[in-house]
1. Would you calculate the volume per residue, in Å³, of the smallest convex hull containing every Cα atom of the chain?
2. Between segment 141-159 and segment 176-194, how far is it from one alpha carbon centroid to the other, in angstrom?
3. Would you list THR57, THR263 from fewest to most Cβ contacts within 10 Å?
4. Within the chain, what's the longest run with no GluC sites (Glu not before Pro) in a DSSP loop and at most 15 other beta-carbon atoms within 10 Å? Give the range, please.
5. Build a GNM of the chain with springs between Cα atoms under 10 Å: which of LYS175, LYS75, LYS141 gets the top mean-square fluctuation?
6. Would you compute, from DSSP H runs of 4+ residues alone, the mean residue ellipticity of the chain at 222 nm, taking -39500 (n - 2.57) per run and dividing by the full residue count, rounded to the nearest 500?
Amino acid sequence: MNGTTLPILRERSLFRRSCVTAAIFLVVFTIGNQALLQEEAALHWWTDSWWTLTSLTAGLLCLDAARQPMMSNQKSWLFISLGCFFWALGMVAWDVYELVFQWITPFPSLADAGYSIAFLLLLTGCLFTTHRRHSLFERSKLVLDCMILINVLAIGLTVFFYEAIVHAPMSVAGKVIALFYPIVPLSASYALWMSRSRMEADAGRQSLGWVMAGMILLASANIGYLAPIITGGYQVGSRLDPLWTAAFLCIGLGALNARLKHTVG
């Protein structure tokens, strides 16, 4: 075993242990989430705390990746970290509504301001994921493709949820934000998929794959979130709850993977 192989094996071992730890965290969260269904106050504290801490942790891991000298996709990791931090800020507002005032979080609210900014930053970060073979034309085409996809998804979701949206007791801005939630992470997933398709196996594909998994989980959770918020508000204890936790665990693992590979490289 030469001096180059040993650090690679250590990096792989550390990342595997991190994946196992993240899986254990998700199982613990899910068990607690279901075990506390009859204890409303405890359920809110449990779920809200996990959502806040996982998004904050993912942001810190992405920021650490962005700060590494000569790191590929530094801008991408920086914007993704900012997206995670703004999500955490949205969660702080959500926590104040639910844990301090003991209200069902209204929609839209200050929490939604944080989430909306977070989604824009996450999408921007995903659009910054490039490879040296990407030309300016290809990057511009990716942005235009995402804009087209956003419009197509907006039309599709509006048609699918038409009756609920039309009769929803909320402002037009609220209805736009509700549709915005699943559309942006789906578009971010597409941007990552297109960027990964032109990367070599050792050029960051695995790291971006974890982030893409996180975006798909966010989109899935938000599609399920769409109907409850249109019809009167979302309450914790749903089977959707683990999806948000899993999403930020995946994003954090992607950043950690990129950081470890950069250190070994």
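1. 119 Å³
2. 9 Å
3. By the 10 Å Cβ count, ascending, the order reads THR263, THR57.
4. With GluC sites (Glu not before Pro) excluded where exposed in loops, the chain gives 40-199 as its longest stretch.
5. With Cα springs under 10 Å in the chain, the top fluctuation among LYS175, LYS75, LYS141 is at LYS141.
6. Mean residue ellipticity, 222 nm, calculated: -27000 deg cm²/dmol.
Read the figures in this text as sums done on the coordinates, not as results from a lab. Worth saying up front: this structure is predicted, and the values here are computed from it rather than measured. In this analysis, Cβ positions are derived from the backbone assuming ideal geometry, glycine residues included, and neighbour counts consider all displayed protein chains.
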